[in-house]
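Accompanying notes for the structure given below.
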Amino acid sequence: MRHFGRKTVHLATLENDRGDCRGHALVTPLSRLRWGLFHPSQLPLGPILLDPGLESPAEALNSLLRSLPGAGAQLDLTQLDPWYFPLGMDSPQAEVVPYVNTVGITVRGRRYEEYLEQRPRKLRSNLRRYQRRVAEAGLVLHLRRDDTPAAVADAVNIHGLLESAGWKGRQGTALHPDNDQGRFYRDYLCAEAARGRACAYRLQTRGQTVATWLVAFRGHQAMLLKTAYDESLARLAIGRLMLAETLEDLFRQDGLQRIEFYTNANADQMEWGTDSRAIQHLNFYRHAALRHAWQLGRRLRHGLRARRTDQAAA
């Protein structure tokens, strides 16, 4: 909120009759009749938490809609993980919308070598090929792990310079040490590093950093937040080698059970995962009839667009 918030964001708190907190959400108006989660691109999951012991999540969402200022008819809940949000609620007011498939790795005491041996043969063959290319180029790669606030801050700045020099910089979406994204990740990861809950990895050669991963920890999980690499070395597949080195080090961390990517996983990323699951949106309507009306409206709009496309082709 400090870096990306605005005055229209509301904190909603669900309480029971005794005043105990049973849930939180950050919500903001999207139009006169629609509300949604406050969801800047830096959040991999929508900012809503409900007590898993709730008997009726649908009733909690009904309560939220009724309490919002104005005449809220629809609540858009974006990027929900089924491990943490009851997407399977039995309610005619709820509409689940597919979004992306993310990928994760189950560690649970396994060695990295065992995990790698279970990856597809093509992935292991490609890794060996990339390593040969690096050796033929006369480069020696070294992985550095930073976990103090000062070192993490420096790594975030370097990450920003790498990202800004690549395609994200050309698109204007890159993290940079001097923009809002850079300040957010630096502040967040430094604060987490001070609690032992974040680190930054750098892949270095000849004293230069050529790739980075920014990582946060919660409990027994590691979240791979952001990566960047020197795109002038793309032919050496530095990004994939960086991922392999990072995973190998994470596998050595005591007590780690899961590694989460929280990304729109492509076929290449799927090969690294031991499992995948769908991250989905949920639209919740004040009345079931509204859901049916909006769905009918969408079908009509899609039909009109398809007809115009056919006419243009003809």
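Of note:
- Computed magnitude of the charge dipole of the chain (debye, nearest 20; Cβ of K, R +1, Cβ of D, E -1): 1000
- Look at the dipole of the chain built from charges on Cβ: of 153, 306, 139, the Cα furthest out on the positive end belongs to 306.
- Virtual spin-label span in nm between residue 129 and residue 293, 7 Å along Cα→Cβ: 5.7
- Restricting region 1-60 to GluC sites (Glu not before Pro) that sit in a DSSP loop and have at most 13 other Cβ atoms within 10 Å of their own Cβ leaves 55.
- Cα gyration tensor, region 1-92 - rounded (a/c under 1.5), prolate or oblate: rounded
- FRET efficiency for the pair residue 31 and residue 197, taken as 1/(1 + (r/R0)^6) with r the Cβ-Cβ distance and R0 = 25 Å, rounds to 0.10.
- Rolling a 1.4 angstrom probe over region 4-87 with all protein chains present gives an accessible area of which 54% lies on carbon and sulfur atoms.
- Heavy atoms of the protein chains alone define the surface here; on that basis the chain has 54 Å² accessible area per residue at 1.4 Å probe size.
- Largest to smallest accessible area among 261, 184 [probe 1.4 Å]: 184, 261
- Pairwise FRET efficiency - residue 71 versus residue 277, Cβ, R0 = 45 Å, nearest 0.05: 0.80
- Using Cβ point charges alone (K and R +1, D and E -1), the dipole size of region 149-239 about the Cα centre works out to roughly 200 debye.
- Measuring with a 1.4 angstrom probe and ignoring ligands and nucleic acids, residue 226 comes out at about 20 Å² accessible.
- Pairwise centroid distance, computed over Cα atoms, of region 222-290 with region 110-160, Å: 15
- The sum of -39500 (n - 2.57) across all DSSP H runs of n ≥ 4, divided by the residue count of the chain, sets its helix-only mean residue ellipticity at 222 nm to -11500 deg cm²/dmol.
- Projected label distance in nm at residue 59 and residue 111, using a 7 Å step from Cα toward the beta-carbon: 5.4
The values are calculated or read from the model by the stated rules, or taken from the named source; none is laboratory data. Keep in mind the model is a prediction, meaning the values are calculated, not measured. All Cβ positions, glycine included, derive from the backbone under ideal geometry; neighbour counts span all protein chains shown. Ligands, DNA and RNA are stripped out before the accessible areas are found, and what is left, the full protein with its side chains, is counted by its heavy atoms. Shrake-Rupley method; radii C 1.70, N 1.55, O 1.52, S 1.80 Å.
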